[in-house]
Amino acid sequence: MLNHIVLMGRLTRDPELRRTGSGIAVASFTLAVDRDYAAQGAERETDFIDIVAWRNTAEFVSKYFSKGRMAVVSGRLQIRNWNDKEGNKRRSAEVVADNIYFGESKRDSVQADSFGGYPGNQSFGSPAPSAPAQSYHQGFSAPAPASDFAMLEGDDSDLPF
C-alpha cells in the first residue's frame, strides 16, 4: 500500500518546536496550499493543512523556516482519532513530514518581504550550507566536476538558448 503526499505552500505561522518527555524534537505548523483549479468566475480556494515533523526534520524546519516562507513537504497522511473535552469522538488529518525543502530562494523571499508580495515565478533554492541532510532533494545530483565540461568551438549563435 502507498501513503505518500507532496505539498507546496506557505507557512501560516512560525513552526512551534516542542520536545517529548524523552527529549525528542517535534515541530508543528500549518501550510497554506492553493488548489490547482477554480470554478468559472470564482477565485482559487486555499487549503490549510497541518504538518508535524519529528527529530532532525523538526529542528531543521524550526531553524530555517518562518511565517510566509514557501516550503515543499514530503511525507504521509495520518488520521488521528481523539475525544474532545465533552467526550465527543473527533478525527484530525495531518501530514507527518519526512522531508522539508525550500520552495524559494532566500533572494526571492527577501524580495517578497521588500515589496509586500511574493513573486509569481518561484524557484527552488539551495539550502544553507550547514543544513541537515534532509533538506537536499534526493532526485537532484551534485554538479559535475569542472573537468567534465568542454568549451564549444566555433559560432554558437544557432544554439536554441
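What follows is calculated from the coordinates using simple rules that are stated; it is not laboratory data. Predicted model only: the values in this text are computed from it and were never measured. Note that each Cβ is placed from the backbone with ideal geometry, even for glycine, and that neighbours are counted across all protein chains shown.
The figures follow:
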{"quantity": "Whole-Å distance, taken between Cα centres, linking region 43-62 and region 20-37", "calculated": "3"}
{"quantity": "Label-point separation, VAL96 to GLU43 (7 Å along Cα→Cβ), nm", "calculated": "3.6"}
{"quantity": "Derived scalar couplings ³J(HN,Hα) [region 58-67; Karplus, 6.51 cos²θ - 1.76 cosθ + 1.60; whole Hz; x for Gly, Pro]", "calculated": "5, 5, 4, 5, 6, 7, 9, 10, 8, 3"}
{"quantity": "For region 1-106, size of Cβ-based charge dipole, Lys and Arg +1, Asp and Glu -1, in debye", "calculated": "360"}
{"quantity": "Three-way shape label, region 16-82, alpha-carbon gyration tensor, a/c 1.5", "calculated": "prolate"}
{"quantity": "Under 12 Å, Cβ to Cβ, from ASP84 - net charge with Lys/Arg +1 and Asp/Glu -1", "calculated": "+3"}
{"quantity": "Net charge of Cβ neighbours under 14 Å - reference GLU45; Lys, Arg +1; Asp, Glu -1", "calculated": "-2"}
{"quantity": "Packing-based order for 21-27, 66-72, 36-42, using average beta carbon neighbours within 10 Å, highest first", "calculated": "66-72, 21-27, 36-42"}
{"quantity": "Inter-label distance, nm, simple model (7 Å from Cα along the C-beta direction), ALA32/THR20", "calculated": "3.2"}
{"quantity": "Point-charge dipole on Cβ atoms (K/R +1, D/E -1) for region 35-93, about Cα centre, debye to 20", "calculated": "280"}
